[in-house]
4 protein chains.
Amino acid sequence: MAVVEISVAPLGTATPGVSSYVAACVEVVAESGLNYQLTPMGTVIEGELDEILPVLRKMHEVPFTRGAQRVSTLIKIDDRRDSGSHGLQGKIDSVMNRIQTRS
Amino acid sequence: MAVVEISVAPLGTATPGVSSYVAACVEVVAESGLNYQLTPMGTVIEGELDEILPVLRKMHEVPFTRGAQRVSTLIKIDDRRDSGSHGLQGKIDSVMNRIQTRS
Amino acid sequence: MAVVEISVAPLGTATPGVSSYVAACVEVVAESGLNYQLTPMGTVIEGELDEILPVLRKMHEVPFTRGAQRVSTLIKIDDRRDSGSHGLQGKIDSVMNRIQTRS
Amino acid sequence: MAVVEISVAPLGTATPGVSSYVAACVEVVAESGLNYQLTPMGTVIEGELDEILPVLRKMHEVPFTRGAQRVSTLIKIDDRRDSGSHGLQGKIDSVMNRIQTRS
């Protein structure tokens, strides 16, 4: 299973606010049916990589359909294929368990 | 105010799990007193950039103090100085408001 | 045209050196026939985005075929669809021209 | 020694081209005296991390001094403290050597 973070930003949009673009991108993920989490810096999606990649491709296209001429997209893939804990919740849990064990 | 995401990963650690390193990094942020949020892909911190940077520097050092010989750190800074909504919660809220308005 | 940077890193390898993995990834780009440039921090590729994406997918897979169990891949897409200068050389040239003009 | 890549992008500029901002950032690195390389996707700097960090801080500030109200900066640190080859040229060489050995 892979956990993937994506952030999509239009350049040259005249004003610094980009939340309308981000909202339209999040709707693309929501419609995909994949588990995801909106964070202050991007959208994190879990699933099989080959299910996630077409969704990323669509998200990257969103600002162009809304008039942007240049889009900067950052994608970070964490793909783990051993038996270790993974996924949106699994990754958080394994860090939190370590912190509580030490306290 | 700036919102900064950081992820710190040791290379060459023999096993794929790195949650003990991440937990030690998160403790550094917690001790800083800055507002932060742990996500599945990193830690997001809000505050004045010059308050955040020394915390990032300490987080990057953590895996070395635990035996790592190589550390890969990714930092993404979103620094906004106009009157637009910002911060950990402000960024999420402004996206969610857009989504609800359209639905 | 898009310019895309990718870096692929295995986690949990026995030693901190990862150049054999990187070399195998670069060979995948070389075989694709796309223009690319190896930098100290990644591989930068130019072309149509839909030509580049399948190459990125193959590159991400390389460390798994060499025994890695976890792979962290970072992809940054700069996709520009106006008439501005772009491409591997165009981007460098437009910065260098600005610097020389000011000197 | 550390090798660090940085890219600095203003959001909400009137036009998609950002090369004047990038050129001003590159001048900051050039004045620092550190070894660096301009790539199509960023600037890569080598040196001791504590020498590099103040330069990154100055680069991030550049677009604000030129009127930008929001700046998105991406920093990737590769910090290696064993005896492996490193540095701008060392990293490239060790990949190229692997490729030539296999051919």
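The values are calculated or read from the model by the stated rules, or taken from the named source; none is laboratory data. For clarity, every value in this text was computed on a predicted model and none was experimentally measured. Cβ coordinates were reconstructed from backbone atoms using ideal geometry, including for glycine residues, and neighbour counts include every protein chain displayed. To get the accessible areas, we keep the full protein, side chains included, count just its heavy atoms, and leave off ligands, DNA and RNA. Shrake-Rupley method; radii C 1.70, N 1.55, O 1.52, S 1.80 Å.
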**Study point:** FRET efficiency, 1/(1 + (r/R0)^6) with R0 30 Å, evaluated for C:THR65 and A:GLU31 via beta carbons
**Key:** 0.35
Review point. Quick one: how many Å² of C:ARG66 are accessible to a 1.4 Å probe, rounded to 10?
Key: 100
Point to revise | Between helix B:19-32 and chain B: long-axis angle, C-alpha atoms, 0 to 90°, nearest 10 | key: 60
Revision key, fill the gap. Between the Cα axis of helix D:49-65 and the main Cα principal axis of chain D, the angle (0 to 90°, nearest 10) is 30
Check your understanding: How far is helix A:87-102 tilted, in degrees, relative to the longest principal axis of the Cα atoms in chain A, given as a value from 0 to 90 rounded to the nearest 10?
Key -> 50
Review point. How many angstrom lie between the C-alpha centres of segment C:1-73 and segment B:32-53?
Key: 30
Point to revise | Given charges at beta-carbon only (K, R positive; D, E negative), |dipole| of the protein assembly as shown in Debye | key: 0
Practice item. In debye, nearest 20, what is the charge dipole magnitude of chain B about its Cα centre with +1 on Lys and Arg Cβ and -1 on Asp and Glu Cβ, if you could check? Key: 380
Check your understanding: Ignoring ligands and nucleic acids, what accessible area does C:PHE64 show with a 1.4 Å probe (Å², nearest 10)?
Key -> 30
Check your understanding: When only the heavy atoms of the protein chains count and the probe is 1.4 Å, how do B:LYS58, A:LYS91 rank by accessible area, highest first?
Key -> B:LYS58, A:LYS91
**Study point:** Net charge of Cβ neighbours under 10 Å - reference A:GLY90; Lys, Arg +1; Asp, Glu -1
**Key:** 0
Check your understanding: What are the semi-axes of the equivalent ellipsoid for segment C:13-103, taken as the square roots of 5 times the Cα gyration tensor eigenvalues, largest first, in whole Å?
Key -> 30, 16, 10
Review point. At a probe radius of 1.4 Å, what is the per-residue accessible area of A:SER85, in Å² to the nearest 10?
Key: 60
Check your understanding: For chain D, what is the relative contact order in percent, using Cα pairs closer than 8 Å and at least 6 residues apart in sequence?
Key -> 42
Check your understanding: Quick one: which of C:LYS91/D:LYS76; D:LYS58/D:LYS91; A:LYS76/C:LYS58 span more than 24 angstrom between C-alpha atoms?
Key -> D:LYS58/D:LYS91
Review point. How much mean residue ellipticity at 222 nm does the protein assembly as shown get from its helices, if each DSSP H run of length 4 or more adds -39500 (n - 2.57) and you divide by all residues, to the nearest 500 deg cm²/dmol?
Key: -15000 deg cm²/dmol
Review point. Among D:THR15, D:ILE75, D:LEU34, which residue has its Cα positioned farthest towards the positive end of the charge dipole of chain D, with +1 placed on the Cβ of Lys and Arg, -1 on the Cβ of Asp and Glu, and the dipole taken about the Cα centre?
Key: D:THR15
Point to revise | Dipole magnitude of segment D:23-65, debye to nearest 20 (Cβ charges: Lys/Arg +1, Asp/Glu -1, about Cα centre) | key: 180
Study note, to complete from the structure: Per the Cα gyration tensor, the protein assembly as shown corresponds to an equivalent ellipsoid with semi-axes, largest first in Å, of 28, 26, 23
Check your understanding: At q = 0.26 Å⁻¹, what base-10 log of I(q)/I(0) does the Debye formula yield for segment A:35-86 when every alpha carbon is treated as an equal point scatterer in vacuo?
Key -> -1.19
